[in-house]
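The block underneath contains the structure these notes are about, expressed in structure tokens.
Nothing in this text is a laboratory measurement; each read-out follows from the coordinates by a stated rule. If you're wondering where the values come from, they're calculated on a predicted model, not measured in any experiment.
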Amino acid sequence: MRHLHIQFGNDWRPCVNGRAQTDAERDSDSTLTRLQRLQTRLLHVCFRLRRGMTLGVRAAVLNDRGEVFLVRHTYTPGWQLPGGGVEVGEPMVEALARELAEEARISLSGPATLFGVYFNRTISRRDHVALYVVRDFVVDAAKTPDLEIAEARFFPLDALPQGLTPGTRRRLKEISDDKISSVEW
């Protein structure tokens, strides 16, 4: 008899006739040894490592003066939208708020609008970026340079800085046109 498995948190449970076994049923089930359960867990870990994806968030923070907030990192060239990676188990909006606080000293004061999700082939063949438009925010303090951010400030949308990354330029045009032109970052 073969069993399927359903994951509850970090716990994989055998599924018999379309339902997960209870703890008592699982403990008394002699058809699935501890070794078999370990093998199943290892198989799922290998699958995740081979087939997993990474997810990041970026924010187009737009103020009432027609300006966008951009950052220049110390470890990569060019001006770009602030953002970063989403941690395992972290909602995207929470990751966005965390990254804005870290990179820009900006707090959300209203909802951020998901504009699009993009495939970022420049990072890896499994990286995706969720782009948000942020119009309701508070600048908590001026961002000073640190180990990650060399510069950070607002720029007029009609006078963007030299060295703007191509992906950032495309995203800002899409936001201006209110139309996604490519699913690639």
5 angstrom amide H check on Phe115, placed H, neighbours 5+ away: Leu131, Tyr132, Val133
Percentage of interatomic Cα-Cα distances in segment 54-177 larger than 18 Å: 49 percent
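Any idea what the alpha-carbon Rg over 2.2 N^0.38 Å comes to for segment 135-185? Mind showing how you got there, number by number?
On the way: Rg = 13.6 Å, N = 51, 2.2 N^0.38 = 9.8 Å.
Cα-based Rg divided by the globular estimate yields 1.38.
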